[in-house]
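Q: I have a structure here, written as structure tokens, and I will follow up with some questions on it.
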Amino acid sequence: MPRGGAARADVGAWLAVAAGTLGAFMATLDISIVNSALPTIQGEIGASGTEGTWIATAYLVAEIVIIPMAAWLERMLGLRTFLLLAAALFTGFSVICGLSTNLSMMIVGRIGQGFTGGAMIPTAQTIIAQRLPPAQQPVGIAAFGVTAILGPVLGPLIGGWLTENISWHYAFFINVPICAVLVTLLLLGLRHEQSQLHLVREADWLGIVGLALGLGGLTVFLEDGQREQWFDSSLIRWMFVISLVGFALLFWGQVTARRPIIKLKLLIDRQFGSVALMAMVLGMVLYGTSYAIPQFLAALADYNALQAGKVVLLSGLPSLFLMAIVPVLLRRVDIRLAVGAGLLIMGSSSLLDSSLTAQSAGGDFTVSQLMRGVGQILGMLFLSQAVVRSVPPEDAGDASGLFNAVRNLGGSFALAGISILQDKRLYFHSRRLEETMSANSQSVQDYVGSLAQVVGDQQAGLRLLSQQIQAEALVMTYNDIFWIMGVGTLVVLPLVLFLRPLPTNTGPAMVH
């Protein structure tokens, strides 16, 4: 039933909405399902801590590339065929991840998951718009909003539970039965549409190739640059060149393509440019904290994957409560006030986490996680509404794709930045702590002597001291990471002044 038709949707329409919502939930769940299980996965596939960030980053980068392409692929293949293909491939790549025995195999699987999972996120909104009448669309939007929030916060909990009670492999194998249900719903709820394969010729291939090469090359450059000593490495030099060529192709596509894959000129608009920059920073905080917190708890508080997942889940609790009053918030609260409050809360939550100690545990993140739940709704929800209000109606789809891309790009930058900071700041803080401990100092000698008495000999005492220094340096490193995310969020706070109030007589717009 097309939008604007009958007053009420039939069973088939609701099955289609359920399919779109389930697909979006699965895609957002898998963004973070590896976060709490990452230390276990790294150990089993032989990846270092910095290499392990690739497992999370690969998914985000692939999503950035595919989301702007989703509308074109949907028109070319037909909605049902497109989603059936995406679900089948997502299942296959999930199995590859679950069977992975090395980092390369895992990254290939995660890239495939990102490409196919990212395709299912914007199409969920298409189904709501096409199959539900305007009077019932708020129900579909609310269901979609809940899954968009629940996915990332439930991911670490589900991944942690499966890792501790069964095996980390099942954090990926769980997608097999979910995809079976999804395929059934798609077959029942959506009708077959004729493919339009001639649209292949109309695609912005320069932009598509450029986006993939540019973002892929830039991600490798940032992720591996520190470990490979930057331009001393031929790999990093090649990645730098590839990213430059990629972005050159992307910009050339902007000039020559009839319909560019991603309309970058929208960023020139003052309001939309401000929205995009704030979304990027919020993406950094959302994805950065959901990655950093489990790593901190595993390394310093000896938390297992399930315990870390429960801590991450805390941020979802206030989000679920606030989602129930979203329509009221959108009508009554000025967007500048809401986004400003969201940024302030998100920034403050990160600064709150910048004073951790070696004795910090999950309870020390309770307040900051609850604050993030509130800040996420106020910031992201109102920004998503500003996206389609800040551009002409014909550009709403492109604006939505660009908004999603910059948000995920912020998450990708955050993970790459965390990897770099972990290397550089850990070394820096370790050396500084060692410099304060003179071997001739009587207090240092007494302390090492007391450690030797506890562990049995002098060498064991020195090793224990070295471990304590590394632990303190690691705490300082994570404090630096949270401080940078907090300050970065507060820096973009003045951009809220460029936002225009939302219309008071319209319902929520659909954008993820």
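Q: For the chain, what does the helix formula give at 222 nm: sum of -39500 (n - 2.57) over DSSP H segments with n ≥ 4, over the residue count, nearest 500 deg cm²/dmol?
A: Computed mean residue ellipticity for the chain: -25000 deg cm²/dmol.
Q: Determine, from the Cβ-Cβ distance of Leu277 and Leu464 and an R0 of 45 Å, the FRET efficiency 1/(1 + (r/R0)^6), rounded to the nearest 0.05.
A: About 0.45, to the nearest 0.05.
Q: While we're here: If I model a spin label as a point 7 Å beyond the Cα along the Cα-Cβ vector, how far apart are those points for Ile325 and Trp483 in nm?
A: If labels sit at Ile325 and Trp483, their model points lie 3.6 nm apart.
Q: What is the list of residues in the range 51-66 whose amide nitrogen lies under 19 Å from a point 7 angstrom out from the Cα of Lys424, following Cα to Cβ?
A: The answer is 51-54, whose backbone nitrogens lie closer than 19 Å to the label point.
Q: Here's something else I'd like to know. With a/c under 1.5 counting as rounded, go ahead and sort the range 361-424 into rounded, prolate or oblate using the C-alpha gyration tensor (a ≥ b ≥ c being the square roots of the eigenvalues; past the cut-off, prolate if a/b is larger than b/c, else oblate).
A: oblate
Q: Arrange the peptides 248-254, 18-24, 33-39 so that the one whose residues have, on average, the most other Cβ atoms within 10 Å appears first.
A: My ranking of the peptides, most packed first, is 33-39, 18-24, 248-254.
Q: In addition: Separation between the Ser443 and Ser233 pseudo-spin-labels, each 7 Å from Cα along Cα→Cβ, expressed in nm?
A: 4.0
Q: Between Arg431 and Arg258, how high is the FRET efficiency from 1/(1 + (r/R0)^6) when r is the Cβ-Cβ distance and R₀ = 56 Å? Nearest 0.05.
A: Efficiency, rounded to the nearest 0.05: 0.50.
Q: What are the ³J(HN,Hα) couplings of the range 467-484, residue after residue, when phi is run through the Karplus curve with 6.51, -1.76, 1.60 and θ = phi - 60°? Round to Hz, x for glycine and proline.
A: For the range 467-484, the Karplus-derived couplings read 5, 5, 5, 5, 5, 5, 5, 5, 4, 4, 4, 5, 4, 4, 4, 5, 5, 5 Hz, x marking Gly and Pro.
Q: (i) 1.77; (ii) 1.29; (iii) 1.00: which one is Rg/Rh (Cα atoms, Kirkwood Rh) as calculated from this entry?
A: Working out Rg/Rh (Cα atoms, Kirkwood Rh) from the coordinates points to (iii).
Q: Determine which aspartates and glutamates satisfy two conditions relative to Lys263: a Cα distance under 19 Å, and not lying fewer than 8 residues away in the same chain.
A: Reachable aspartates and glutamates: Glu63, Glu74, Glu202, Asp204, Glu394, Asp395, Asp398.
Q: For the range 279-313 and the range 127-203, what is the centre-to-centre distance using only Cα atoms, to the nearest Å?
A: The range 279-313 and the range 127-203 have Cα centres separated by 24 Å.
Q: Output ³J(HN,Hα) for the range 172-181: one whole-Hz value per residue in order, computed from phi by the Karplus curve 6.51 cos²θ - 1.76 cosθ + 1.60 with θ = phi - 60°, and x for Gly and Pro.
A: 9, 5, 4, 6, 5, x, 4, 5, 4, 5
Q: Rounded to the nearest 20 debye, what is the charge dipole size of the range 204-260 about its Cα centre when +1 sits on each Lys and Arg Cβ and -1 on each Asp and Glu Cβ?
A: Computed charge dipole of the range 204-260: roughly 280 debye.
Bear in mind that the values in this text are calculations on the coordinates, not laboratory data. Here the structure is a predicted model, which is why all the values come from computation and not from measurement. Note: ideal-geometry Cβ built from the backbone for every residue, glycine included; neighbour counts use all protein chains shown.
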